[in-house]
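Each value in this text was obtained by applying a stated rule to the coordinates, not by laboratory testing. It should be emphasised that the depicted structure is a prediction, and the values quoted were computed from it without experimental measurement. Here Cβ is always computed from backbone atoms with ideal geometry, including for glycine, and neighbour counts include all displayed protein chains.
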Amino acid sequence: MAGDEQPVLLLHPHWKTLIRPVLVAVLVVAIALVAEALPSGSDAAAIRGAVGVVAVLFLMVWLIVPVLRWRTTTYELTTKRLRTRFGVVTRHGRDIPLTRISDVSFQTGVLDRLLGSGRLVVESAGEHGQIVLRDIPHVEEVQATLFSLVEDEQRRIDRNQP
């Protein structure tokens with residue numbers, strides 16, 4: 001960060017992104033427990049062991065990957081720019097200077113409104129034009145904060161021009 005740049009917000013996607021993986025994980029555990037309760041027979045131990053191994057592998061992929069993706073995705077708002085970072089194995093990022101942002105809006109659906117999240121749409125001058133950030137917690141507050149910072153930065157620039 002530049003010397004006069006200050007962090008304002010550091011966000012991860014809303015926790016609702018983890019609902020589906022957790023529900024599926026609970027379902028897989030329930031199926032594995034039912035398989036463990038099956039009557040014993042000559043092949044029952046091998047079947048129970050195979051179900052257990054498959055359940056553990058499935059849970060590792062289905063639950064750990066989304067949690068890692070959620071944890072490694074960050075949206076940072078500073079007094080000078082909006083930074084996005086994401087990726088588990090390979091990292092990707094994008095920085096948008098506040099001076100290039102021309103519009104900030106948000107969209108919320110019914111579930112988003114209940115859970116306090118939504119999509120933040122940031123329009124900027126440049127080749128990419130628009131960036132949509134999904135599952136932003138407290139999206140209305142983030143939109144208002146970002147818009148205020150953009151206005152403050154524009155006023156600062158206007159004061160410093162001859």
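Pop a pseudo-label 7 angstrom from the Cα along the beta-carbon direction at both Asp95 and Thr79 and give the gap in nm to one decimal.
Those two pseudo-labels are separated by 1.7 nm.
Charges on Cβ only, +1 for Lys and Arg, -1 for Asp and Glu, centred on the Cα centroid of the chain; of Val89, Gln154, Ala37, which one is farthest towards the dipole's positive end?
Ala37
Identify which of the listed values of semi-axes √(5λ) of the Cα gyration tensor in Å was calculated from the structure shown: [x] 26, 18, 14; [y] 47, 16, 11; [z] 23, 20, 15.
Of the listed options [x] 26, 18, 14; [y] 47, 16, 11; [z] 23, 20, 15, [y] comes from this structure.
Only helical DSSP H runs with n ≥ 4 go in: add -39500 (n - 2.57) per run for the chain, normalise by residue count and round the 222 nm mean residue ellipticity to 500 deg cm²/dmol.
-14000 deg cm²/dmol
Extension gain Arg134-Ile19, at 0.36 nm per residue separation less the Cα-Cα distance, in nm?
Gain in length upon complete extension: 39.9 nm.
What is the extension gain from Ala30 to Val88, computed as 0.36 nm multiplied by their sequence separation minus the C-alpha to C-alpha distance, in nm to one decimal?
18.0 nm
In degrees, nearest 10, range 0 to 90: what is the angle between the Cα axis of helix 19-36 and the longest Cα principal axis of the chain?
Tilt of helix 19-36: around 10 degrees.
If you fit an axis through the alpha-carbon atoms of helix 44-59 and take the longest principal axis of the Cα set of the chain, what angle between them do you get, 0 to 90°, nearest 10?
Approximately 0 degrees, to the nearest 10.
Pull out the extension gain between Val110 and Ile47, defined as 0.36 nm times the separation in residues minus the alpha carbon to alpha carbon distance; nm, one decimal.
Result: 18.3 nm gained on full extension.
Calculate how steeply helix 139-160 sits against the longest principal axis of the alpha-carbon atoms of the chain, using the helix alpha-carbon long axis, and give the answer as 0 to 90 degrees to the nearest 10.
The answer is roughly 30 degrees.
Separation of the stretch 123-151 and the stretch 1-34 by C-alpha centroid, Å?
21
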